[in-house]
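Beneath this line is the structure, given in C-alpha cells, with notes to follow.
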C-alpha cells in the first residue's frame, strides 16, 4: 500500500490518499474496456492525468463487470474535444465530453473545484474533485496504466464493509443536490450496502427537497430504476425513506389507500425485473406496462365496457389521458407510453392495435 502526500501551510507533509496496488485491489486489467483504456492512454500521452472513476471502480473491486466506464481528467472539455475527433461537448452549464466508439459512449469530465460547493462548475484539481463525489464507494479513482486505485475517503474499506457513507457533509449533501437521496437508496438496493441509521434518517427528513426538482431529472432517475433490473428493491427502499411519493405520487397515494393495489404493484415490479434480466433488449413500452397495468385495470369495469361495445378508440383516449397524469412527474417518450397503454388494454380484452417502435 502506498500513500499520497501533500503539504500544509507550513510545508509539513499531510496524508491525502491511500494508493492500492494491483496485488491489493485485484482488478483484472482485461475487465477494462479497451476503448476506455485507449482514451486514458491518449490523454496521458498528451500530458493530462486521467482515471476511471465512480461506479465502474466500485464494480471492478467487487468483481462485477461495469456497464459504463466514466473517465475524469485534468484536461478541459475543449482540449478533450481536440484530442478526440469522435467526440462532442454536451451540457450548457456543466460541460463534459462524450467520446463515441460505435454504439458505445464514454463520458469524460474535467476535475471540478469546490469553490462553489459540490455542484459548481469551476475546474479544479483531483484533491478538490473527490470532495464533490456523493458517497465514498463512488469516490475512487483507478489508473489502469499503473494499475492503482487512489482512495481519498476510505472508500475501499466501506465497500468491503458494505456500508454507504457520504463524502459531502450531511448538512449540505442533499440541500445542494436532492437527487443524491435517490442515488443513495439505489446504491443500497443494487450493491447490498447498508444505509447507516443517521443517513437514512437524514433522507427521510430531506425527502421534501425533491419537490422542486425538474420533471426531466426525475424522469431520468425513474428510467434508470425501471431499466436497472432491481426496481422492486429500489422502490421498496424509496417507500421506506419517503422518497417514492415524490417520484410517483399517484401510485404512492393508491398504495396508501389500498394495500391490495400495493401488493399487485410490487409484484409487477418483480416481473419487470425478471423481464429486464432475461430480455435486456426489450423496449421501454414493455417495461412501462408493469407500472400502469394495475392502474388501468382499476379505472372501470372492463368486461362491461367490452360487452356494451364501447368504441376502442374512445376507451383508449380516456385511458391515455388518465395514464399520462398517473405517471407524472415522469414524462417518458410518448410512443413508449402509448405502447404500454395499448398493451395493457389488449390484455384486458380491448381491441387496440399495438404499433411498432418508431426508429
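Given the conditions (1) in contact with a strand residue (DSSP E or B) (Cβ under 8 Å, 6 or more places away or on another chain); (2) without any contact (Cβ under 8 Å) to a residue 60 or more places away in the chain, which single one is not true for residue 52? With (1) in contact with a strand residue (DSSP E or B) (Cβ under 8 Å, 6 or more places away or on another chain); (2) without any contact (Cβ under 8 Å) to a residue 60 or more places away in the chain applied to residue 52, the lone miss is (2). Between 204, 180, the distinction of being at pLDDT 95 or above and closer than 15 Å to residue 240 by Cβ belongs to 204 only. Under the condition of being within 18 Å of residue 234 (Cβ to Cβ) and outside any helix (DSSP H, G or I), the residues counted in segment 172-189 number 1. Counting residues in segment 206-213 that are out of contact with any strand residue (DSSP E or B) (no Cβ under 8 Å at 6 or more places or on another chain), closer than 24 Å to residue 281 by Cα and buried (at least 20 other Cβ atoms within 10 Å of the Cβ) gives zero. Evaluated against (1) closer than 30 Å to residue 154 by Cβ; (2) assigned to a loop (DSSP other than H, G, I, E, B); (3) modelled with pLDDT of 95 or more, residue 47 falls short on exactly one condition, (1).
For every residue, the table says whether it meets (1) surrounded by fewer than 13 Cβ atoms within 10 Å (Cβ to Cβ); (2) modelled with pLDDT under 95.
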site: 268; (1), (2): no, no
site: 280; (1), (2): yes, yes
site: 291; (1), (2): no, no
site: 297; (1), (2): no, yes
site: 312; (1), (2): no, yes
site: 315; (1), (2): no, yes
site: 336; (1), (2): no, no
site: 348; (1), (2): no, yes
site: 351; (1), (2): yes, yes
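Of the set (1) under 25 Å from residue 224 (Cα atoms); (2) modelled with pLDDT under 95; (3) touching a helix residue (DSSP H, G or I) at 6+ places or on another chain (Cβ under 9 Å), all apply to residue 93 but (3). Among residues of segment 17-32 that are farther than 15 Å from residue 154 by Cα, those with a beta-carbon under 6 Å from a residue that is part of a loop (DSSP other than H, G, I, E, B) and modelled with pLDDT of 95 or more at least six positions away or on a different chain give the pairs 22/147; 32/144. Evaluate segment 106-117: report whether one residue or more is modelled with pLDDT of 95 or more and outside any strand (DSSP E or B). Yes, because at least one residue in segment 106-117 is modelled with pLDDT of 95 or more and outside any strand (DSSP E or B).
Among the candidates 34, 77, the residue that is modelled with pLDDT of 95 or more, out of contact with any helix residue (DSSP H, G or I) (no Cβ under 7 Å at 6 or more places or on another chain) and buried (at least 17 other Cβ atoms within 10 Å of the Cβ) is uniquely 77.
Of all positions in segment 86-100, none carries a residue that is assigned by TED's automatic domain parsing to the domain that holds residue 135 and assigned to a helix (DSSP H, G or I).
Do we have residue 64 as closer than 23 Å to residue 154 by Cα, out of contact with any strand residue (DSSP E or B) (no Cβ under 7 Å at 6 or more places or on another chain), surrounded by 11 or more Cβ atoms within 10 Å (Cβ to Cβ) and free of Cβ contacts under 8 Å to residues at least 24 places away in the same chain here? It is true that residue 64 is closer than 23 Å to residue 154 by Cα, out of contact with any strand residue (DSSP E or B) (no Cβ under 7 Å at 6 or more places or on another chain), surrounded by 11 or more Cβ atoms within 10 Å (Cβ to Cβ) and free of Cβ contacts under 8 Å to residues at least 24 places away in the same chain.
Being assigned to a strand (DSSP E or B) and under 17 Å from the mean Cα position of the chain (by Cα) is the filter; apply it to segment 65-85 and report the residue that is farthest from residue 190 (Cα to Cα). Restricting to residues being assigned to a strand (DSSP E or B) and under 17 Å from the mean Cα position of the chain (by Cα), the top hit is 71. What's the number of the condition residue 108 fails, among (1) without any contact (Cβ under 8 Å) to a residue 60 or more places away in the chain; (2) buried (at least 16 other Cβ atoms within 10 Å of the Cβ); (3) within 15 Å of residue 53 (Cα to Cα)? Every condition holds for residue 108 apart from (1). Pairs meeting the criteria (first residue in segment 324-349 and without any contact (Cβ under 8 Å) to a residue 24 or more places away in the chain, second residue surrounded by fewer than 18 Cβ atoms within 10 Å (Cβ to Cβ), beta carbons under 7 Å, at least 6 apart or on different chains) are 346/354. Here is the figure for segment 136-153: residues that are touching a residue at least 24 places away in the same chain (Cβ under 8 Å) and surrounded by fewer than 17 Cβ atoms within 10 Å (Cβ to Cβ) total 3.
Examine segment 154-171 for a residue that is more than 29 Å from residue 235 (Cβ to Cβ), surrounded by fewer than 17 Cβ atoms within 10 Å (Cβ to Cβ) and in contact with a helix residue (DSSP H, G or I) (Cβ under 8 Å, 6 or more places away or on another chain), and state whether such a residue exists. Yes. Kindly establish whether residue 19 is under 14 Å from residue 150 (Cβ atoms), at pLDDT 95 or above and touching a strand residue (DSSP E or B) at 6+ places or on another chain (Cβ under 8 Å). The answer is yes for residue 19.
The values are calculated or read from the model by the stated rules, or taken from the named source; none is laboratory data. Nothing here was measured: the structure is a model prediction, and the numbers come from that model. Glycine also receives a Cβ, built like all others from the backbone with ideal geometry; neighbour counts cover every protein chain displayed.
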